[in-house]
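The block underneath contains the structure these notes are about, expressed in structure tokens.
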Amino acid sequence: MLFSATGFTVSTATRLAALAALASAVWLPLPAAAASAPADAKPVYSDAAALGKLMFFDASLSASGRMSCASCHSPSHAYGPPNGLAAQLGGPDMRSQGTRAVPSLRYVLNRTPMWSHAQAASLSERLSETDNAPVGGYGWDGRFNRLHDQASFPLFNPDEMANKDPAAVLAKLAQAPYAARFKEVFGQNTFADPTKAFAQAMYAIERFELEDPSFHPYTSKFDYYLDGKVQLTAQELRGKKLFDDPAGGNCASCHIDQSGVDGSHPLFTDFNFQALGVPRNPELRANADPKYFDMGLCGPLRTDQ
Ligand code: HEC
Ligand code: HEC
């Protein structure tokens with residue numbers, strides 16, 4: 001079953017497969033074919049992913065009616081912000097400023113490990129080299145393990161899409177031009193069970209992010225170099241040597257640039273969290289309050305560390 005990345009095709013078989021996967025509202029991962037397929041292979045695109053794409057670009061799903069996922073994660077800017085603002089403006093009147101920069105959604109989406117943090121038993125252990133840095137999860141503080149969990153956060157965040165609750169999102173979804181398709185894929189009565197319908201919507205967004213090759217194109221010169229399709233110049237090779245050299249830049253100790261054992265291309269990250277000691281950004285309104293601190297893993301959004 002092959003689906004084009006832009007078209008929307010519903011076959012009975014896929015619809016049944018999607019329904020079976022969602023029958024008990026558990027998350028059964030569909031084959032993530034696009035995840036490991038070479039960039040030039042034809043993507044396998046599920047109906048859920050096609051719906052997720054429509055939702056990702058749908059500004060009517062916000063309280064303002066003017067903000068979609070793509071407003072902040074612009075496909076023409078590597079799914080990062082389309083401007084140089086420290087944080088984007090959103091909320092019901094599009095004037096509230098968030099507290100964090102918009103990350104690019106490129107590459108991390110199908111490879112990010114689950115959050116893990118082996119807590120040291122004592123302070124001395126924590127300060128010693130043997131303590132493991134926390135690793136994994138989505139968001140700047142790794143607080144989401146699954147993309148479908150992450151997807152609801154911007155929908156409800158008062159500084160972003162600012163919906164009051166899932167019912168508000170579902171009411172908008174039921175009015176969307178693709179509402180009929182939503183019912184075709186997830187069942188004609190889906191909106192009768194709001195919990196399940198909302199979960200299906202978040203699942204659709206996740207499938208789009210995982211299946212659409214534009215999130216993980218692997219088309220950089222470095223990717224082609226790893227595939228043996230191009231050579232690096234002498235200058236680039238000198239830079240790579242310095243990047244890798246433990247006695248030089250030592251960058252590769254954190255920004256991994258070796259292919260994985262399965263041949264997967266490196267993403268230049270080890271998914272570890274490091275305290276970089278970046279100073280307060282005066283462009284963030286929240287920082288006008290001297291008592292406000294974004295301590296990342298230690299809050300304010302995470303409260304479990
Ligand atoms: C107002 C701007 C804005 C909008 C709209 C927005 N996001 Fe984000 N997104 C952010 C910011 C800021 C972060 C980092 C949040 C954090 O770490 O607290 C983020 C983080 C993410 C991440 C985690 C990426 C990573 O590398 O870990 C994903 C995935 C994501 N957003 C998807 C979405 C989806 C799906 C939507 C629509 C339902 C959406 N975003 C709408 C600003 C936005
Ligand atoms: C101790 C681990 C570590 C080492 C060593 C290290 N970095 Fe980083 N680097 C980080 C972390 C953590 C970030 C922040 C990543 C993020 O955006 O969350 C970062 C960010 C960056 C960024 C910005 C990435 C972006 O998405 O905006 C660049 C570029 C970069 N590092 C280059 C280098 C270079 C070049 C070297 C070697 C001279 C180096 N780094 C060494 C940990 C490291």
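Would you mind stating whether Gln274 is surrounded by fewer than 12 Cβ atoms within 10 Å (Cβ to Cβ) and modelled with pLDDT of 95 or more?
no
Mind listing just one residue for me: the one in segment 224-235 that is under 18 Å from Leu267 (Cα atoms) and not hydrophobic (A, V, I, L, M, F, W, C) and, of those, nearest to ligand 2 (Cβ to nearest atom)?
The qualifying residue nearest to ligand 2 (Cβ to nearest atom) is Tyr225.
What number of residues within segment 238-251 satisfy the criterion of being loosely packed, with under 12 Cβ neighbours inside 10 Å and either in contact with a Phe, Trp or Tyr (Cβ under 8 Å, 6 or more places away or on another chain) or part of a helix (DSSP H, G or I) (or both)?
Matching residues across segment 238-251 total 2.
Just to verify a result, which residue in segment 277-305, among those that are at pLDDT below 95 and outside any loop (DSSP other than H, G, I, E, B), is surrounded by the fewest Cβ atoms within 10 Å (Cβ to Cβ)?
Ranking the candidates gives Cys298 first.
How do the pairs read when you match residues in segment 244-256 that are without any contact (Cβ under 8 Å) to a residue 24 or more places away in the chain with residues anywhere that are within 6 Å of ligand 2 (Cβ to nearest atom), using Cβ under 8 Å and keeping only pairs 6 or more apart or on different chains?
As it stands, the answer is Asp244/Cys251; Pro246/Ser253; Cys254/Gln274, since those pairs meet every condition given.
Does at least one position in segment 148-157 carry a residue that is away from ligand 1 (no atom under 16 Å from the Cβ), farther than 30 Å from Ala288 by Cα and either within 15 Å of the chain's Cα centre (by Cα) or not in a helix (DSSP H, G or I) (or both)?
No, the conditions are met nowhere in segment 148-157.
Based on this model, can you work out whether Ala197 counts as more than 24 Å from Gly139 (Cβ to Cβ), within 22 Å of the chain's Cα centre (by Cα) and more than 16 Å from ligand 2 (Cβ to nearest atom)?
Yes.
Working carefully through the options Leu232, Leu267, find the one that is hydrophobic (A, V, I, L, M, F, W, C) and within 16 Å of ligand 1 (Cβ to nearest atom).
None of the other options fit; the residue is Leu267.
Tally time: how many residues in segment 245-265 are under 24 Å from Gly142 (Cα atoms) and either in contact with a helix residue (DSSP H, G or I) (Cβ under 8 Å, 6 or more places away or on another chain) or near ligand 2 (Cβ under 10 Å from one of its atoms) (or both)?
10
Of these, Tyr218, Tyr225, which one is in contact (Cβ under 8 Å) with a residue 60 or more places away in the chain, surrounded by 11 or more Cβ atoms within 10 Å (Cβ to Cβ), farther than 30 Å from Phe293 by Cβ and away from ligand 1 (no atom under 16 Å from the Cβ)?
Sole residue among the options that is in contact (Cβ under 8 Å) with a residue 60 or more places away in the chain, surrounded by 11 or more Cβ atoms within 10 Å (Cβ to Cβ), farther than 30 Å from Phe293 by Cβ and away from ligand 1 (no atom under 16 Å from the Cβ): Tyr218.
Which condition breaks for Asp257 when tested against (1) among the charged types (D, E, K, R); (2) touching a Pro at 6+ places or on another chain (Cβ under 9 Å); (3) assigned to a helix (DSSP H, G or I)?
Against the list (1) among the charged types (D, E, K, R); (2) touching a Pro at 6+ places or on another chain (Cβ under 9 Å); (3) assigned to a helix (DSSP H, G or I), Asp257 comes up short only on (3).
Which ones in segment 50-81 are of a type in the set (A, V, I, L, M, F, W, C) and either in contact with a strand residue (DSSP E or B) (Cβ under 6 Å, 6 or more places away or on another chain) or under 24 Å from Arg181 (Cα atoms) (or both)?
The answer is Ala50, Leu51, Leu54, Met55, Phe56, Phe57, Ala59, Leu61, Ala63, Met67, Cys69, Ala70.
Considering each of Ala121, Ala162 in turn, give the residue that is within 11 Å of ligand 1 (Cβ to nearest atom) and not in a helix (DSSP H, G or I).
Result: Ala162 is the single residue among Ala121, Ala162 that is within 11 Å of ligand 1 (Cβ to nearest atom) and not in a helix (DSSP H, G or I).
Which residues, taken from segment 43-100, are under 14 Å from the mean Cα position of the chain (by Cα), among the hydroxyl-bearing types (Ser, Thr, Tyr) and on the phi < 0 side of the Ramachandran plot?
Ser74
Inside segment 76-112, can you point out the residues that are hydrophobic (A, V, I, L, M, F, W, C) and either modelled with pLDDT under 95 or within 16 Å of ligand 2 (Cβ to nearest atom) (or both)?
Ala78, Leu85, Ala86, Ala87, Ala101, Val102, Leu105, Val108, Leu109
The values are calculated or read from the model by the stated rules, or taken from the named source; none is laboratory data. Note that the structure is predicted; figures quoted are calculated from it, not measured. Reconstructed Cβ throughout: ideal geometry from the backbone, glycine too, with neighbour counts over all protein chains shown.
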